[in-house]
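Structure first, commentary second.
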Amino acid sequence: MTSKATECLKLSESQVKVLEHCFNKVTKHPDRTTLTLVAAECDLSEEDTLKWFKLRNAQWRQLEGLPAEGGSVLD
């Protein structure tokens, strides 16, 4: 999947695969520990990993017909 998050951060295919797996199978909102582990596995900074999750969440919410920002509707 090509997304703004991937293009913006210049991620490799293997990094996107790990990030997408975490997003789809583990959590859309990683806690600090999960974020640290995913960042280490992808060889990214925690800041870049968090940025990817924020952008990916906005994209997911848009596809689901939800507001891009979190609101009163829980994911």
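Some points to look at:
- Within region 15-57: Cβ-based charge dipole about Cα centre, in debye rounded to nearest 20 (Lys, Arg +1; Asp, Glu -1): 260
- Using heavy atoms of the protein chains and a probe of 1.4 Å, the accessible area assigned to LEU37 is about 120 Å².
- To put it simply, the accessible area of region 19-59 at a 1.4 Å probe is 52 percent carbon and sulfur.
- R0 of 30 Å, Cβ-Cβ distance LEU63-GLU41: FRET efficiency to nearest 0.05: 0.75
- Couplings 3J(HN,Hα) of region 8-14, computed from phi: 5, 9, 6, 8, 7, 4, 5 Hz, in residue order, whole Hz [Karplus 6.51 cos²θ - 1.76 cosθ + 1.60, θ = phi - 60°; x for Gly and Pro].
- Prolate/oblate/rounded call for region 3-55, Cα gyration tensor, a/c under 1.5 rounded: rounded
- Rel. contact order, % - alpha carbon contacts under 8 angstrom, at least six apart, region 9-65: 34
The values are calculated or read from the model by the stated rules, or taken from the named source; none is laboratory data. On a predicted model such as this, the values are computed, not experimentally measured, just so you know. Neighbour counts run over all protein chains shown; Cβ positions are idealised from the backbone, glycine included. Surface accessibility is based on the protein's heavy atoms, side chains included, excluding ligands, DNA and RNA. Shrake-Rupley method; radii C 1.70, N 1.55, O 1.52, S 1.80 Å.
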